[in-house]
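A.B. asks: Can you keep this structure in mind? I'll have questions shortly.
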Amino acid sequence: MFRRRRRQADPETGAAVEREAPAPGRESGPWDADEPYPDHQRIDLGGLRLPVREGFEIRLIVPAEQIVGAAVLVDDSALQVHALAAPRSAGLWDEVRAELAESVKSAGGTTEEREGAFGVELIGRVPVEGQGTQTVRYLGVDGPRWLLHAVLSGQAATDAEAAATLEEVVRDIVVVRGDGPMAPKDTIELRLPPETRQAMEDAQDGDGGPDLDPFRRGPEITETR
């Protein structure tokens, strides 16, 4: 369960053979794509490989033409995640956390820092028109040349039991930074899963192909613009 197979060339014959990758050197992620990580079921979103579970609804966050993040909805809780490029020399979470605190303050809310499941996190109480304030948990994990930023809202922001399910999702995310140059804080772009793209192409061709919900027995994928 905790090993991945990789295709490598046999040094004697040159033929491609499958070899088991080393077991992970730590117990949980988020993981970098270049390190060994557990072989669990995940949706391939390009820059993120997102764990899936029965009963999850997955929404892709598309404010314009680019997919910038994903949201996982389960019961009365929500998790939003996106990944940012970071410099080699230092992490970004301290800086981004300070910016988030200032943004919440500017909106009339309050924040406090506390030690959480992934290190220092930010608890925000954000005003919502006609509803008082909403509690939100901002999480950040610095990886090799990336920052994974997560936001817990709904019941998971205040209830430890509800949060545990979504915290496990964060621990099992794989970040695919890529080798190309990116400025710090640039969003690592996501894309539709291959199954969804193929279903959409088949539907557009009008050939009576599969429907647009390839995850109908598990998570549901929609877009939020």
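A.B. asks: Can you tell me the FRET efficiency between GLN66 and GLU161 if r is taken as the Cβ-Cβ distance and R0 is 41 Å, rounded to the nearest 0.05?
C.D. replies: Efficiency computed from Cβ-Cβ geometry: 0.70.
A.B. asks: Given 0.36 nm per residue, what is the gain on full extension from ASP34 to SER106 after removing their alpha carbon distance, in nm?
C.D. replies: 22.0 nm is the gain from fully extending ASP34 to SER106.
A.B. asks: Which order do THR158, THR110 fall in if you start with the one that has the fewest other Cβ atoms within 10 Å?
C.D. replies: Least to most surrounded, the residues fall as THR110, THR158.
No lab work stands behind these numbers, since they all come straight from the coordinates. The model shown is predicted, which means the values in this text are computed figures rather than measured ones. Heads up, the Cβs are rebuilt from the backbone with ideal geometry, glycines too, and the neighbour counts pull from every protein chain shown.
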